[in-house]
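S.K.: Structure incoming, see below.
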Amino acid sequence: MLKFKPFQREDLARAAMHDGAIIGWEPGLGKTFGAFAWPLIKQATRCLQVVPGGLHRQYHETRDRSDPRDDDHAESRYARQSDRVLPG
């Protein structure tokens with residue numbers, strides 16, 4: 001289960017009143033967890049999350065450890081969806 005600090009709960013609650021969010025917290029303050037929470041809060045069926053190329057592996061490892069649905073398919077989900085990177 002994801003556990004948030006008070007400032008994270010406040011910011012995410014405020015952002016939930018809108019259709020989108022840009023999480024700009026300082027390094028180490030939980031942007032990854034905020035990104036995981038956003039589609040759950042909004043009950044989204046799809047969500048675009050933009051992550052710098054150098055952080056893809058770390059992002060997916062953190063997601064797989066903290067997925068609140070914990071459906072034992074995190075690795076297969078990662079294998080299907082993780083490396084869809086647009087050329088740039």
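Bear in mind that the values in this text are calculations on the coordinates, not laboratory data. In this text the structure is predicted, and so the values were computed from the model without any measurement. Virtual Cβ from ideal backbone geometry, glycine too; neighbours counted across all protein chains shown.
S.K.: Provide, as a two-decimal number, the C-alpha radius of gyration of the stretch 10-60 over 2.2 N^0.38 Å, N being how many residues it has.
M.R.: 1.14
S.K.: What spacing in nm lies between the two simple spin-label points modelled at Asp19 and Lys5, each 7 Å away from Cα in the Cβ direction?
M.R.: 3.2
S.K.: When the chain is fully extended, how far beyond the present Cα-Cα distance does Arg65 get from Thr45, taking 0.36 nm per residue of separation?
M.R.: 5.1 nm
S.K.: Another question, if that's okay. Could you list Phe4, Phe36 so that the one with the fewest beta carbons within 10 Å of its beta carbon is first and the one with the most is last?
M.R.: Phe4, Phe36
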